[in-house]
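Working notes for the structure below.
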C-alpha cells in the first residue's frame, strides 16, 4: 500500500482475528532510527499528520508559556533532556521495532495571529525526546480534519498528505483481506 508520504513506513498485522493492523513509522534520529506505531483499528476518527521538526519548533516558540511545562517551548536540547520523565521515553524508544512507541496524539494547535498556540494533553515527553534527538519528523494523530489541516499548513512536512486512520485501514484491508482465512458462516453467531 502506498500513501502519499515521503518517509519509510510499513503496515503490519500480528493477529488473525481481530485483524489488528498497525502503521509503523521509521523515524531517523541522530545516528539511529526509532519506531512509532498507530493502531489502525482505533475506533475514534483521527487524522495522521507528519510534522516537519524544524517547522514545529519554530511554531512552538511562538506559543505562550504552558504552566505545566514552563519554558519548554523556548527551550533547547539541554532543557528537554533535563525533564524528570525524559528517561522513560529513552527506555520506551530503546525497545525498537519489536515494541514501537505510540505516535503523538492529544496535541492541539490554533492560529492566533501572529502566533500559533500549541498545547499538549498527553505524549509531551515522547515529543521532547524526539526533538532532543533531532528526529527528522514527528507523526501525530489529531481528532479533527480542521486541526490536521492547521498543523499541516503551518508545520507539516512537505509533500506529505493528511490521511485518516479509518481510510488507511480500509485501503489496507481491501488490498490484504484475501490473505486472511474466512470464518465459515455456521461458526458465526
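Since every read-out is calculated from the coordinates, none of them should be taken as a lab result. On a predicted model such as this, the values are computed, not experimentally measured, just so you know. All Cβ positions, even for glycine, are placed from backbone atoms using ideal geometry, and neighbour counts span all protein chains on display.
Working from Cα pairs under 8 Å separated by at least six residues, relative contact order for the chain is 32 percent.
Sorted from greatest to least, the principal axis extents spanned by the alpha carbons of the stretch 80-189 come out as 59, 36, 28 Å. Here the stretch 16-73 is described by how far its Cα atoms reach on the three principal axes: 46, 32, 18 Å, from widest to narrowest.
Comparing 35, 47, 113 in a Gaussian network model of the chain where C-alpha atoms under 10 Å apart are linked, the largest mean-square fluctuation is found at 113.
If each residue's Cβ is checked for other Cβ atoms within 10 Å, how do 86, 25, 180 rank with the fewest at the top? Write out the running numbers ahead of the final one.
Values: 86 16, 25 23, 180 13.
Fewest-to-most ranking of 86, 25, 180: 180, 86, 25.
Rg/Rh for the chain stands at 1.01; both radii use Cα atoms, and Rh follows the Kirkwood definition.
Label-to-label distance, residue 177 versus residue 73, with points set 7 angstrom from Cα along the beta-carbon direction: 4.6 nm. The modelled label-to-label distance for the pair residue 1/residue 44, using points 7 Å beyond Cα in the direction of Cβ, is 2.0 nm.
Starting with the fewest neighbours, write out 37, 85 ranked by other beta-carbon atoms found within 10 Å of each beta-carbon. List each step's numbers first, then the result.
Working: 37 17, 85 12.
Sorted ascending by nearby Cβ count, the order is 85, 37.
A Förster radius of 41 Å combined with the Cβ-Cβ distance from residue 112 to residue 88 puts the calculated FRET efficiency at roughly 0.80. With neighbours defined as other Cβ atoms within 10 Å of a residue's Cβ, the residues 164, 44 order from fewest to most as 44, 164.
Please check: in the Gaussian network model of the chain (C-alpha springs, under 10 Å), which one of 117, 78, 38 has the largest mean-square fluctuation. So, out of 117, 78, 38, the one fluctuating most is 78.
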